[in-house]
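Engineer: Encoded as structure tokens, here's the structure I'll be asking about.
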Amino acid sequence: MYPATWKKATARLRRRATLKRSVGLLSDFRFEQSEPARFYGSLARDTVELTGDLFGDLDGALVLDVGGGPGYFEDAFAEYGAVYVPVEPDPSEAHAAGITSSRGLRGSGLALPIADGAVDVCLSSNVAEHVRDWQRMGEEMLRVTRPGGMVILSYTLWYGPFGGHEMGLTHYLGGARAARRYTRKHGHPPKNLYGTSLFAVTAADGLRWAGTVDDAELVAAFPRYHPSWAWWMVRVPGLRELLVSNLVLVFRKN
């Protein structure tokens, strides 16, 4: 169980990042609220494959998932032999799908209940945009990862088409206005309420923060849902905010 060489890892990841994969993942996104098992089940399988591409053999690896939510990822990681531990602050989220974890921990991503350097892989998928101080969460993820281990931080970009989550494209009118429109239409506020449980995080924010990290190396930054031939978009300011719907930052701990 050793990290794969990054050249080989990137090659594997690029081969798997096809247009067919992208279409499948993006088409499932609309079912996040109505059919969460469909969306999160597909996302979980893809996350395990992505993690294996980057880290290498996951058999026996201790994987900490920050904000694991309803627990769709556990079975997917178990198939690869990983020891999967989700951390979730809200017990109602952890049991929402009727899935329980014998290793699940209750705790905040801002103060992870894990010792320094304890895990091989620390990942977080679609959580950072729901945390006011997401940089602190990233620092905590790095803290609990062992030297040579990997941190994978994947989050939805605010100015991308899915930035508003269930509010649709109305977030382009402003987060607060989009929330008010949603409330008027549905009779209740959105689960992902702007300024409370949903925040505007950009690609520039993530890349800028990555440049300040001094105890890990940023080894990859790419669009989560795009085919590999479109990864160049991450390098173009402005364009990336609109077209890179989800940014993945991959660090190797020093």
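The values are calculated or read from the model by the stated rules, or taken from the named source; none is laboratory data. None of the values given here were measured: they were computed from a predicted structure. We place every Cβ from the backbone using ideal geometry, glycine too, and count neighbours over all the protein chains shown.
Engineer: Which of the numbered conditions does residue 55 fail, given that it passes all the others? Conditions: (1) closer than 22 Å to residue 131 by Cβ; (2) at pLDDT 80 or above.
Structural biologist: All conditions are met except number (1).
For (1) hydroxyl-bearing (Ser, Thr, Tyr); (2) surrounded by fewer than 17 Cβ atoms within 10 Å (Cβ to Cβ); (3) within 17 Å of the chain's Cα centre (by Cα), each residue gets a yes or a no:
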position	(1), (2), (3)
189	no, yes, no
196	yes, yes, no
199	no, no, yes
204	no, yes, yes
208	no, yes, no
211	no, yes, no
215	no, yes, no
220	no, no, yes
224	no, no, yes
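Engineer: Further question on the same structure: Output the qualifying pairs, or none if there are none: Cβ atoms under 9 angstrom, residues six or more apart or on different chains, first residue in the stretch 169-198 and assigned by TED's automatic domain parsing to the domain that holds residue 129 and more than 15 Å from residue 132 (Cα to Cα), second residue of a type outside the set (D, E, K, R) and surrounded by 15 or more Cβ atoms within 10 Å (Cβ to Cβ).
Structural biologist: Pairs found: none.
Engineer: Hey, does the stretch 124-145 have a residue that's buried (at least 21 other Cβ atoms within 10 Å of the Cβ), in contact with a Lys or Arg (Cβ under 8 Å, 6 or more places away or on another chain) and not assigned by TED's automatic domain parsing to the domain that holds residue 245?
Structural biologist: Looking through the stretch 124-145, none of the residues is buried (at least 21 other Cβ atoms within 10 Å of the Cβ), in contact with a Lys or Arg (Cβ under 8 Å, 6 or more places away or on another chain) and not assigned by TED's automatic domain parsing to the domain that holds residue 245.
Engineer: Touching a Lys or Arg at 6+ places or on another chain (Cβ under 8 Å), modelled with pLDDT of 95 or more and among the β-branched types (Val, Ile, Thr) - does that describe any residue in the stretch 166-177?
Structural biologist: no
Engineer: For the stretch 86-100, what are the residues that are touching a strand residue (DSSP E or B) at 6+ places or on another chain (Cβ under 6 Å) and either modelled with pLDDT of 95 or more or in a loop (DSSP other than H, G, I, E, B) (or both)?
Structural biologist: Listed by number, the list holds a single entry, 89.
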